[in-house]
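Heads up: the structure comes next, in structure tokens.
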Amino acid sequence: MSKTIEVSYDLPGPPAKVWRALTEPKLLGSWLMENDIKPEVGHHFMFRSKPMGDWDGRVACEVLEVVPHERLVYSWRGGSGKHVLDTTVTWTLAAKPGGGTRLKLEHAGFTDDNAMAFEMMGRGWREKAGALAELSEM
């Protein structure tokens with residue numbers, strides 16, 4: 001049975017600005033990891049960070065779906081041995097009445113072998129709200 005991390009963020013900026021924080025390499029890198037993302041279906045890109053433990057610091061991704069300012073989906077593969085992650089990240093953006101954006105994250109496909117990654121990444125995704133809020137106001 002697979003598990004999913006689900007986090008919702010209420011951000012002050014409009015969807016167009018939040019979209020930039022998710023799809024422009026420099027902005028995405030400022031709050032998540034260095035990367036070479038392009039919001040184009042089929043684009044393969046890499047997140048890069050400092051290696052830790054068995055993790056080599058790289059996450060291989062492929063853009064699976066793009067609906068500008070509304071939805072972005074990409075695969076998320078990394079790790080080694082039985083702790084390899086083969087998951088999917090889905091970002092859904094919706095304008096809030098009165099301004100701002102409701103941003104929903106679903107990071108799906110964690111298995112029992114990924115229990116530690118599920119816990120750590122769940123905390124990590126929840127801690128990103130402040131950085132995302134700042135970027136959405138720029």
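Every read-out reported here was derived from the displayed coordinates using simple, explicitly stated rules and does not represent laboratory data. Because the structure is predicted, anything quoted here is derived from the model rather than measured. Here the Cβ positions follow ideal geometry from the backbone for every residue, glycine too, while neighbour counts run over all protein chains shown.
Overview of results
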{"read-out": "Computed helical MRE - 222 nm, the chain, DSSP H runs ≥ 4 contributing -39500 (n - 2.57), nearest 500", "value": "-7500 deg cm²/dmol"}
{"read-out": "Partner lysines for Lys104 [C-alpha distance under 24 Å; skip if fewer than 8 residues away on the same chain]", "value": "Lys3, Lys17, Lys26, Lys38, Lys96, Lys128"}
{"read-out": "Principal axis dimensions, the stretch 3-136 - Cα atoms, whole angstrom, descending", "value": "47, 27, 23"}
{"read-out": "Gyration tensor verdict on the stretch 96-138 (Cα atoms; rounded if a/c is under 1.5, prolate if a/b is larger than b/c, oblate otherwise)", "value": "prolate"}
{"read-out": "Taking Phe45, Phe118 and counting other C-beta atoms within 10 Å, the order from fewest to most", "value": "Phe45, Phe118"}
{"read-out": "Gain upon complete extension [Ala108, Ser49; 0.36 nm per residue less C-alpha separation]", "value": "19.1 nm"}
{"read-out": "Burial ordering of His83, His107, fewest other beta-carbon atoms within 10 Å first", "value": "His83, His107"}
{"read-out": "Virtual spin-label span in nm between Ala131 and Lys26, 7 Å along Cα→Cβ", "value": "1.7"}
{"read-out": "With at most 16 neighbouring Cβ atoms within 10 Å, loop GluC sites (Glu not before Pro) (DSSP) excluded, longest segment of the chain", "value": "71-126"}
{"read-out": "Spin-label zone in the stretch 47-68 - amide nitrogen under 17 Å from a point set 7 Å from the Cα of His83 along the C-beta vector", "value": "49-60"}
